[in-house]
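The structure appears below as structure tokens.
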Amino acid sequence: MIVASHDGAIRSVDITRERGIRTLTGFRSWAFGVHFSPDGQLLAMAGDSEIRVVQQKTMQTVFRVVTSELPKPFTRSRCVEFSKDSKLLFVGCNDGAIRVMDPLTGSILYSLTSKLGEVYSFAISPDEKTIAVGHNSGVVELWDIATQTLTTSLPKLARRVEGLSFSLDG
């Protein structure tokens, strides 16, 4: 199991022995989100100052993007998730966009850009056709991943959307 924390550390935990295995540091402040690639090879991390992908077994860095070096107003990311084939990395950003990146190089392939505020959460549908994006404005948007277009904007559902998940049948 991997734990992200406000002290900027990512901790690997052996839950069968109930103890930490190793700690990965280097985030300048909060580490918000972590996600294992479905093929088990990579671990993606999102934080207040960077996006990082490491080899899961060795924790060797594959790529690291310092968010302050990217075009403004993108300065942090809260959530990350791999596609089922592990070939895409989706990153929820504070400028309202979902950045879709190459998980091996860190190159931004495209963005799903909204003006509704910081992305606090997102979920990819089981068929990988739709991504639901939850913003700090309380609005949830549904995007068509293939066409990169906004299909639906649900009315304000909460003060801010902290978590989203699709059921197995979508």
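The values are calculated or read from the model by the stated rules, or taken from the named source; none is laboratory data. Fair warning: this is a prediction, and the values are worked out from it, not measured in the lab. As a convention, Cβ positions derive from the backbone with ideal geometry for all residues, glycine included, and neighbour counts pool all protein chains shown. Ligands, DNA and RNA are excluded from the accessible area calculation, which covers all protein heavy atoms including side chains. Shrake-Rupley method; radii C 1.70, N 1.55, O 1.52, S 1.80 Å.
Residue selection: residue 99 satisfies the criterion of being in a strand (DSSP E or B), of a type in the set (D, E, K, R) and at pLDDT 85 or above.
Out of the residues in the range 103-122 meeting the condition of being small (Gly, Ala, Ser) and open to solvent by 20 Å² or more (accessible area, probe 1.4 Å), tell me which one is farthest from residue 161 (Cα to Cα). Break it down stepwise before answering.
Here is the first cut: in the range 103-122, the residues small (Gly, Ala, Ser) are 106-107, 111, 114, 117, 121.
Going one step further and asking which of them are open to solvent by 20 Å² or more (accessible area, probe 1.4 Å), we end up with 107, 111, 117.
On the way: 107: 27, 111: 20, 117: 11 Å.
For the range 103-122, the residue satisfying everything is 107.
Within the range 123-144, identify whether any single residue is closer than 29 Å to residue 61 by Cα, under 15 Å from the mean Cα position of the chain (by Cα), at pLDDT below 90 and open to solvent by 20 Å² or more (accessible area, probe 1.4 Å), and answer yes or no. No, every residue in the range 123-144 fails to be closer than 29 Å to residue 61 by Cα, under 15 Å from the mean Cα position of the chain (by Cα), at pLDDT below 90 and open to solvent by 20 Å² or more (accessible area, probe 1.4 Å). Cβ-Cβ distance below 6 Å, separation of 6 or more or different chains: which pairs start in the range 115-142 with a residue that is of a type in the set (D, E, K, R) and end on one that is not in a loop (DSSP other than H, G, I, E, B)? Every condition considered, the pairs that remain are 141/133; 141/150; 141/153.
Listed by first and then second residue, the pairs with beta-carbon distance under 8 Å, at least 6 apart or on different chains, first residue in the range 72-87 and of a type in the set (Gly, Ala, Ser), second modelled with pLDDT under 90 and not in a strand (DSSP E or B), are 77/67; 77/94.
In the range 146-170, the residues that are in contact (Cβ under 8 Å) with a residue 24 or more places away in the chain reach residues that are open to solvent by 70 Å² or more (accessible area, probe 1.4 Å) with C-beta atoms within less than 9 angstrom, at least six apart or across chains, in these pairs: 170/127; 170/129. Name the residue, out of 56, 60, that is polar (S, T, N, Q) and in contact with a Gly (Cβ under 8 Å, 6 or more places away or on another chain). Exactly one of 56, 60 is polar (S, T, N, Q) and in contact with a Gly (Cβ under 8 Å, 6 or more places away or on another chain), namely 56. Given the criteria touching a Pro at 6+ places or on another chain (Cβ under 8 Å), crowded, with 17+ Cβ neighbours inside 10 Å and among the polar types (S, T, N, Q), does residue 94 qualify? The answer is yes for residue 94.
So, residue 71, is that one modelled with pLDDT of 65 or more, surrounded by fewer than 16 Cβ atoms within 10 Å (Cβ to Cβ) and either within 26 Å of residue 133 (Cα to Cα) or under 14 Å from the mean Cα position of the chain (by Cα) (or both) or not?
Values: modelled with pLDDT of 65 or more: no; surrounded by fewer than 16 Cβ atoms within 10 Å (Cβ to Cβ): yes; either within 26 Å of residue 133 (Cα to Cα) or under 14 Å from the mean Cα position of the chain (by Cα) (or both): yes.
No.
Name the single residue that is farthest from the chain's Cα centre (by Cα) among those in the range 104-120 being aliphatic (A, V, I, L, M) and assigned to a loop (DSSP other than H, G, I, E, B).
Going residue by residue through the range 104-120, those that are aliphatic (A, V, I, L, M) are 104, 108-109, 112, 116, 119.
Narrowing the set further to residues that are assigned to a loop (DSSP other than H, G, I, E, B) leaves 104, 116.
Numbers: 104: 15, 116: 17 Å.
Looking at the filtered set, the residue picked out is 116.
Among the residues making up the range 12-49, those that are out of contact with any Ser or Thr (no Cβ under 6 Å at 6 or more places or on another chain), modelled with pLDDT of 75 or more and either under 15 Å from residue 99 (Cβ atoms) or open to solvent by less than 50 Å² (accessible area, probe 1.4 Å) (or both) are 33, 34, 35, 40, 42, 43, 44, 45, 47.
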